[in-house]
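**Q** Shown below is the structure under consideration.
The values are calculated or read from the model by the stated rules, or taken from the named source; none is laboratory data. Predicted model, so just to flag it, every value in this text is computed and none were measured. We place every Cβ from the backbone using ideal geometry, glycine too, and count neighbours over all the protein chains shown.
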């Protein structure tokens, strides 16, 4: 993996020069950093909760972002891998990329907040947005290629859990509504044969 990381670094930023591509990439990285996208998700999940009259969007958003954050921070501390500049951040290393993990978690949680069981093609936009973030981080040499792939995989893992939670929420809610509306629950005497 080190050879692939080194090749990606040298091809994305030849001579380690900060040029126009890196400047454009920096605008994307800064604009989509966790401090900007997490509050946006909060607005989306709260709006969805009000419109849907359900706590499901809030739970899915919280599970997605908090679990991804915990997984990323724990892995960073355990691995303690330096970034391409040889530095180790105060909360661990560069692996996995928190920017790619959180962006994917936020985009995926937003999708799951809006649609409880999204079709496979609904995931194309969040994945492409995260791939753009990953590309920008590698172009800037803020992260190794394996760091951004690791961040994406961490988020995909958590989003799988979040998608399951979202689908189970609907199943349980529908079951509760059916029990509440069933004739035997509304009139216990009718189900026992007494009149």
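**Q** So which residues in segment 45-56 are over 20 Å from residue 156 (Cβ atoms) and part of a helix (DSSP H, G or I)?
**A** Those that are over 20 Å from residue 156 (Cβ atoms) and part of a helix (DSSP H, G or I): 46, 47, 48, 49, 50, 51, 52, 56.
**Q** Can you run down the residue pairs with Cβ atoms below 7 Å, 6 or more apart or on separate chains, where the first is in segment 1-24 and closer than 11 Å to residue 139 by Cα and the partner is surrounded by 12 or more Cβ atoms within 10 Å (Cβ to Cβ) and modelled with pLDDT under 70?
**A** So the pair list comes out as 22/13.
**Q** Take the residues in segment 89-102 that are in contact with a helix residue (DSSP H, G or I) (Cβ under 9 Å, 6 or more places away or on another chain) and not in a helix (DSSP H, G or I), then tell me which one is surrounded by the most Cβ atoms within 10 Å (Cβ to Cβ).
**A** It comes out as 97.
**Q** Could you tell me which numbered condition residue 77 fails, if it satisfies all but one of (1) without any contact (Cβ under 8 Å) to a residue 60 or more places away in the chain; (2) in contact with a helix residue (DSSP H, G or I) (Cβ under 7 Å, 6 or more places away or on another chain)?
**A** (2)
**Q** Starting from residues that are surrounded by 18 or more Cβ atoms within 10 Å (Cβ to Cβ) and not in a helix (DSSP H, G or I), keep the ones in segment 71-88 and report whichever is modelled with the highest pLDDT.
**A** So, considering only residues that are surrounded by 18 or more Cβ atoms within 10 Å (Cβ to Cβ) and not in a helix (DSSP H, G or I), the one modelled with the highest pLDDT is 81.
**Q** Kindly evaluate residue 176 against the criterion of being out of contact with any strand residue (DSSP E or B) (no Cβ under 7 Å at 6 or more places or on another chain), surrounded by 12 or more Cβ atoms within 10 Å (Cβ to Cβ) and either modelled with pLDDT of 90 or more or within 25 Å of residue 53 (Cβ to Cβ) (or both). Break it down into steps so the answer makes sense when it comes.
**A** On the way: out of contact with any strand residue (DSSP E or B) (no Cβ under 7 Å at 6 or more places or on another chain): yes; surrounded by 12 or more Cβ atoms within 10 Å (Cβ to Cβ): no; either modelled with pLDDT of 90 or more or within 25 Å of residue 53 (Cβ to Cβ) (or both): yes.
So residue 176 does not fit the description; no.
**Q** For residue 37, state whether it is over 15 Å from residue 133 (Cβ atoms), modelled with pLDDT of 90 or more and surrounded by 20 or more Cβ atoms within 10 Å (Cβ to Cβ).
**A** So residue 37 does not fit the description; no.
**Q** Determine, yes or no, whether residue 107 is touching a helix residue (DSSP H, G or I) at 6+ places or on another chain (Cβ under 6 Å) and more than 10 Å from residue 155 (Cβ to Cβ).
**A** no
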